[in-house]
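Notes follow the structure.
Every number here is computed from the coordinates shown, using simple stated rules; none is lab data. The structure presented is a predicted model; accordingly, all values stated were derived computationally and were not measured. A quick note on method: Cβ atoms are made from the backbone with ideal geometry, for glycine too, and the neighbour counts reach across all protein chains shown.
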Amino acid sequence: MPFNIRPGKEGSIEAAEEFFIDSLEEWRKAEGIDKMILFGHSLGGYLSACYSMKYPERVEHLLMVSPVGVPMPPPPGSDQFPTRRRANSVLMSTVRFFWERSYTPQGLIRFAGPFGPSLVKWYTDRRFDLEGEEANLIRNYAYHYSARPSSAESGMHCLLDVGAWGRKPLVNRVHAIRSPTTWLYGSVDWMDPNGGWAASAKMTTFSRVLIIPDAGHHLYIDNTERFNEAVLEIIENIQGTASAGYGASNAGRSATATGTTGTTG
């Protein structure tokens, strides 16, 4: 579906959120899912939170996995990455130049043409500690979703500033979420878990933050075993409370899960 919303225009943030929320809601209807455990990673986490605010009756439990756009951004002119050196500040200035002109990493892959697969391989081989068939699968997946015609990726410019700071930070809105929520971050995640802690403290329903050891932003790949254990524990707790006949949230809502889905950034 073409994404035709221009970033920076009045109402572009809300329009971009609705673009994704409505797509997810249409999918839910088509699949006949009454209520689901909604799993969102990175930008998918941000959008899953937005969906949960609009359709609280459809979300049994919300899993926010290293979500973008949660904390308040730093003041203008401050160092957004104080632990990094000056060389990276030059890099970030370059990134900002292209970001504000609506360029995306996926656009670079498309522009590279036949060299696109090599660029993706260069990135994935350095980012993920994978070998053999697993490494080939992640390369092929990353290349093909990047090389396809631009659509939803353009929404990032409407929703996020450079550094994955939300233009409309979730920390100011999470009080509207009615679904029990678990926030998961890697122990060396470049998404600051303090954003999750701050957001969790503002929620009026059950909410907790879990840290997966030896993992970064892609914690489901970096430490698959511990990540899967955490997710399965959440699902088993929901199923257990449903069997016992009481709610999983602080408000005592029903915990009958009829579907599980995930979205990613």
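Between amide H atoms placed 1.01 Å from N, distances below 5 Å from Leu184 occur with Met64, Val65, Ser66, Leu210, all of them 5 or more places distant or on a separate chain.
Shown for Ile138, Ile212, Ile33: other C-beta atoms within 10 Å of each C-beta, ranked fewest to most, produce the order Ile33, Ile138, Ile212. Taking other Cβ atoms within 10 Å as a rough exposure proxy, Leu38, Leu137 sort from fewest to most as Leu137, Leu38.
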